[in-house]
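The values are calculated or read from the model by the stated rules, or taken from the named source; none is laboratory data. Keep in mind that this is a model prediction, so the values were computed, not measured. Because the Cβ atoms are built from the backbone with ideal geometry, glycine has one as well, and the counts that use them run over all protein chains shown. These area figures cover heavy atoms from the full protein model, side chains too; ligands, DNA and RNA do not enter into them. Shrake-Rupley method; radii C 1.70, N 1.55, O 1.52, S 1.80 Å.
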Amino acid sequence: TAIQDPRFDRTVTGPDLVAFQRLVRKVPVAEPVMRYALTLVRTTRPKMKGAPEFIRKWVAYGASVRAAQYLILGGKARALTSGRYHVSFDDIRALAHPVMRHRVLTNFRAESEGITSDVLIDDLLKTVPLPKSGM
């Protein structure tokens, strides 16, 4: 309970951080994983051909292309921090909520029925199939 004067040592420098950022961008992504991320994002758009009924019913605006870009970039970082050198479907699925929850805007009907973006993303992950080939 005494007053302490903690000393903090720097563990990562600015140049280290820049090097990590460059390393993340070099992680390869298989074509099926990229297509899956893009399909997840496209499926959030209510006016897109083939959008699921729940998206057409409860979404005012779906995610943009940037959501797919950040799913991939986040997947690269998640892969490296997990000790892997490639992005998996699981990486994309794990990042779907944090990347898309603020990009999928619900309409009044969804709000009145208590449907949140998280609920829609849960349903989306159940609806959009993983590609047959791949990881």
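Structure above, values below:
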item	result
Kirkwood Rh and Cα Rg combined as Rg over Rh, evaluated for segment 90-135	1.06
Accessible surface of ARG35 - all protein chains present, 1.4 Å probe, nearest 10 Å²	120 Å²
Charge sum, other residues only, whose C-beta stays under 13 Å from THR106's C-beta, Lys/Arg counted +1 and Asp/Glu -1	+1
MET48/GLN21 FRET efficiency (R0 41 Å; Cβ-Cβ; nearest 0.05)	0.80
With Cα atoms, 0 to 90° folded angle of helix 31-42 axis to the chain main axis	60 degrees
Protein accessible area in the chain, 1.4 Å probe - carbon and sulfur %	56 percent
Convex hull of the chain built on C-alpha atoms - directionally averaged projected area, nm²	12.6 nm²
Solvent-accessible area per residue, Å², over the chain with all protein chains present [probe radius 1.4 Å]	67 Å²
Student exercise, the chain dipole from Lys, Arg, Asp, Glu Cβ charges, in Debye to nearest 20	600 debye
Choice from MET48, MET34, MET100 with maximal GNM fluctuation in the chain (Cα, 10 Å cutoff)	MET48
Order of exposure, largest accessible area first, which applies to TYR36, TYR61 with probe 1.4 Å	TYR61, TYR36
Using alpha-carbon coordinates, inclination of helix 117-127 to the longest axis of the chain, degrees	70 degrees
Distance (nanometres) between label positions extended 7 Å along Cα→Cβ at LYS57 and GLN69	3.4 nm
